[in-house]
Amino acid sequence: MPMFDIEDSKDIDLENNKTSKETLAKIKGVEGLKAKGNEAGVNPEVQNSEEEIVELKPNFVGFGINLRALWKKIICKKT
């Protein structure tokens, strides 16, 4: 099933959409479709693997540790 199901429409803009589904859009009877920067079949785990381990934002003593990102990094090294 696609992310978008667009039917009988005019002047549709699809920009910078990402979906883990194989198909971004099912389109029927559309005039004036503009699409750029879209991605289908994106793996959400790969997308989130870029999390920063050390965070500089209001936390205890001005910095914090993202334990979830640290744990993922440790698990990825083992596999």
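The values are calculated or read from the model by the stated rules, or taken from the named source; none is laboratory data. From a predicted model like this one, the values you see are computed outputs, not experimental measurements.
From Ala35, Ala25, grab the single residue that is within 12 Å of Phe4 (Cα to Cα) and either at pLDDT 80 or above or of a type in the set (S, T, N, Q) (or both).
Working: Ala35 fails: within 12 Å of Phe4 (Cα to Cα).
Going through Ala35, Ala25 in turn, just one is within 12 Å of Phe4 (Cα to Cα) and either at pLDDT 80 or above or of a type in the set (S, T, N, Q) (or both): Ala25.
Mind listing just one residue for me: the one in segment 1-46 that is assigned to a loop (DSSP other than H, G, I, E, B) and charged (D, E, K, R) and, of those, nearest to the chain's Cα centre (by Cα)?
First, pick out the residues of segment 1-46 that are assigned to a loop (DSSP other than H, G, I, E, B): 1-3, 16-17, 20-24, 37-38, 41-43.
When the remaining residues are screened for being charged (D, E, K, R), the result is 21-22.
On the way: Lys21: 11, Glu22: 13 Å.
Only one residue fits best here, namely Lys21.
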